[in-house]
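Presented below is the structure to which this report refers.
The values are calculated or read from the model by the stated rules, or taken from the named source; none is laboratory data. Just so it is clear, the structure is predicted and the values come from calculations on it, not from any experiment. Ideal geometry is used to build each Cβ from the backbone, glycine not excepted, and the neighbour counts take in all protein chains shown.
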Amino acid sequence: MKIDLGDLNAFVAVARAKGFRNGARASGGSASGLSEAVRRLETQLSVRLLNRTTRS
(Lines give C-alpha, C1' and ligand atoms only; values in the text may rest on other atoms or scores of the structure.)
Protein backbone atom coordinates (compact mmCIF):
# COMPACT_ATOMS: atom_id res chain seq x y z
CA MET A 1 0.00 0.00 0.00
CA LYS A 2 1.32 3.40 -1.00
CA ILE A 3 0.06 6.37 0.99
CA ASP A 4 -0.21 9.68 -0.84
CA LEU A 5 1.92 12.21 1.04
CA GLY A 6 -0.41 15.05 0.08
CA ASP A 7 -3.32 13.25 1.72
CA LEU A 8 -1.20 12.52 4.78
CA ASN A 9 -0.10 16.17 4.98
CA ALA A 10 -3.75 17.22 4.79
CA PHE A 11 -4.57 14.96 7.74
CA VAL A 12 -1.65 16.37 9.75
CA ALA A 13 -2.73 19.96 8.99
CA VAL A 14 -6.29 19.26 10.15
CA ALA A 15 -5.17 17.40 13.26
CA ARG A 16 -2.67 20.09 14.28
CA ALA A 17 -5.16 22.90 13.70
CA LYS A 18 -7.99 20.92 15.33
CA GLY A 19 -10.36 21.55 12.44
CA PHE A 20 -10.74 21.70 8.69
CA ARG A 21 -11.23 25.46 8.51
CA ASN A 22 -8.19 26.24 10.65
CA GLY A 23 -6.20 23.56 8.86
CA ALA A 24 -7.06 25.18 5.54
CA ARG A 25 -5.90 28.56 6.80
CA ALA A 26 -2.64 27.10 8.08
CA SER A 27 -1.91 25.10 4.93
CA GLY A 28 -3.12 27.66 2.41
CA GLY A 29 -5.69 25.25 0.95
CA SER A 30 -9.44 24.94 1.17
CA ALA A 31 -11.43 23.14 3.84
CA SER A 32 -13.21 21.09 1.19
CA GLY A 33 -9.90 20.09 -0.39
CA LEU A 34 -8.56 18.97 2.97
CA SER A 35 -11.76 17.06 3.64
CA GLU A 36 -11.47 15.21 0.33
CA ALA A 37 -7.82 14.35 1.00
CA VAL A 38 -8.56 13.04 4.50
CA ARG A 39 -11.52 11.04 3.16
CA ARG A 40 -9.24 9.42 0.54
CA LEU A 41 -6.72 8.55 3.24
CA GLU A 42 -9.45 7.08 5.45
CA THR A 43 -10.72 5.00 2.53
CA GLN A 44 -7.25 3.77 1.67
CA LEU A 45 -6.51 2.79 5.27
CA SER A 46 -10.04 1.48 5.92
CA VAL A 47 -10.24 3.44 9.15
CA ARG A 48 -11.96 6.61 10.32
CA LEU A 49 -9.25 9.06 11.36
CA LEU A 50 -11.38 12.03 12.37
CA ASN A 51 -14.79 12.52 13.94
CA ARG A 52 -16.61 15.08 11.84
CA THR A 53 -19.30 17.35 13.26
CA THR A 54 -21.43 20.08 11.74
CA ARG A 55 -20.09 22.57 14.27
CA SER A 56 -18.67 25.71 12.62
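Suppose we keep only residues that are over 9 Å from the mean Cα position of the chain (by Cα) and not basic (Lys, Arg) within region 3-23. Which one would you say is modelled with the lowest pLDDT?
We begin by selecting, within region 3-23, every residue over 9 Å from the mean Cα position of the chain (by Cα); these are 3-6, 16-18, 21-22.
Those still in the list that are not basic (Lys, Arg) too: 3-6, 17, 22.
On the way: Ile3: 92, Asp4: 95, Leu5: 97, Gly6: 96, Ala17: 97, Asn22: 96.
Across region 3-23, the extreme among qualifying residues is Ile3.
Could you tell me how many of the residues in region 20-56 are surrounded by 17 or more Cβ atoms within 10 Å (Cβ to Cβ) and over 17 Å from Met1 (Cα atoms)?
Residues meeting the conditions: 7.
Which pairs turn up if I take residues in region 32-45 that are free of Cβ contacts under 8 Å to residues at least 12 places away in the same chain and look for partners that are loosely packed, with under 14 Cβ neighbours inside 10 Å with beta carbon separation below 6 Å, at least 6 apart in sequence or on another chain?
Matching pairs, first to second residue: Glu42/Arg48; Glu42/Leu49.
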